[in-house]
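Everything below concerns the one structure shown next.
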């Protein structure tokens with residue numbers, strides 16, 4: 001058991017602390033909720049605890065399927081121990097179905113399936129609002145090497161296939177989701193979280209949204225949506 005030391009980062013949904021092991025950090029999930037790059041703020045009661053549990057389930061699933069992640073263990077209702085990463089400042093969004101900004105940009109109805117999985121890249125920079133970038137920008141700004149991006153793309157597509165199949169068995173459509181990666185002792189690992197905060201989950205039959213879109217769009221029943229995802233993952 002490692003000991004929590006000082007907080008080194010506080011984001012929109014999590015706090016990160018050093019530990020007495022320099023290779024490990026402690027992540028603490030919060031109930032705070034934000035949308036539209038922090039313009040909308042609120043709280044979702046119990047979100048920190050639920051996202052901790054949901055992320056634990058997903059990372060354990062991915063590890064069993066050979067995906068390298070930063071996850072080590074869950075140590076409390078809201079806390080995890082993870083490997084310390086040098087974050088690659090490129091967020092990857094994996095899209096299976098047109099929704100949100102993609103539907104608006106392409107002018108297609110939300111819910112339109114993509115003929116092929118789409119990978120999008122965003123520069124991880126809060127001050128700039130995480131703008132969309134492409135492989136040329138990544139190379140020109142030296143945000144990641146070509147080899148790292150090849151690994152990231154490969155992992156992202158594998159994660160998509162694993163999660164899609166797993167969720168389909170639970171009557172959940174994986175619409176899209178965000179992934180973050182980092183370097184740990186020369187190895188690219190999947191980091192951050194996988195939860196209703198970072199994914200769009202729709203009920204396969206009713207198409208009801210079971211994710212943070214309920215908060216973004218003032219649809220109500222936000223806590224119930226998170227609880228429902230957790231219930232299905234635990235069943």
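The values are calculated or read from the model by the stated rules, or taken from the named source; none is laboratory data. No experiment lies behind these values; they were computed from the predicted model shown. Using ideal geometry, Cβ is built from the backbone for each residue, glycine included, and neighbour counts are taken over all protein chains shown.
At a glance:
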{"read-out": "Residues of segment 8-52 that turn out to be closer than 15 Å to residue 72 by Cα and in contact (Cβ under 8 Å) with a residue 24 or more places away in the chain, as a count", "value": "9"}
{"read-out": "Test result for residue 5, over 15 Å from residue 77 (Cβ atoms) and either in contact (Cβ under 8 Å) with a residue 24 or more places away in the chain or touching a strand residue (DSSP E or B) at 6+ places or on another chain (Cβ under 7 Å) (or both)", "value": "yes"}
{"read-out": "Per-region count, segment 124-141, residues in contact with a helix residue (DSSP H, G or I) (Cβ under 7 Å, 6 or more places away or on another chain) and either in contact (Cβ under 8 Å) with a residue 24 or more places away in the chain or on the phi > 0 side of the Ramachandran plot (or both)", "value": "1"}
{"read-out": "Test: residue in segment 29-37 that is modelled with pLDDT of 95 or more and under 23 Å from residue 182 (Cβ atoms)", "value": "yes"}
{"read-out": "Checklist (1) in the same structural domain as residue 187 (by TED's automatic domain parsing); (2) closer than 24 Å to residue 221 by Cβ applied to residue 46, failing item", "value": "(1)"}
{"read-out": "Helices (runs of 4 or more DSSP H) within segment 119-235 that include 2 or more residues more than 24 Å from residue 57 (Cα to Cα)", "value": "135-140, 146-168"}
{"read-out": "Candidates 1, 45, filtered to the one that is over 23 Å from residue 224 (Cα atoms) and assigned to a loop (DSSP other than H, G, I, E, B)", "value": "1"}
{"read-out": "Wholly enclosed strands (runs of 3 or more DSSP E) of segment 55-100 bearing at least 2 residues more than 29 Å from residue 132 (Cα to Cα) and in contact (Cβ under 8 Å) with a residue 24 or more places away in the chain", "value": "79-83"}
{"read-out": "Residue 163 being crowded, with 18+ Cβ neighbours inside 10 Å and at negative phi", "value": "yes"}
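Conditions tested, residue by residue: (1) over 16 Å from the mean Cα position of the chain (by Cα); (2) under 22 Å from residue 2 (Cβ atoms); (3) surrounded by 12 or more Cβ atoms within 10 Å (Cβ to Cβ).
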site: 43; (1), (2), (3): yes, no, yes
site: 70; (1), (2), (3): no, yes, yes
site: 90; (1), (2), (3): no, no, yes
site: 96; (1), (2), (3): no, no, yes
site: 105; (1), (2), (3): yes, no, no
site: 108; (1), (2), (3): yes, no, yes
site: 117; (1), (2), (3): yes, no, yes
site: 121; (1), (2), (3): no, no, yes
site: 129; (1), (2), (3): yes, no, yes
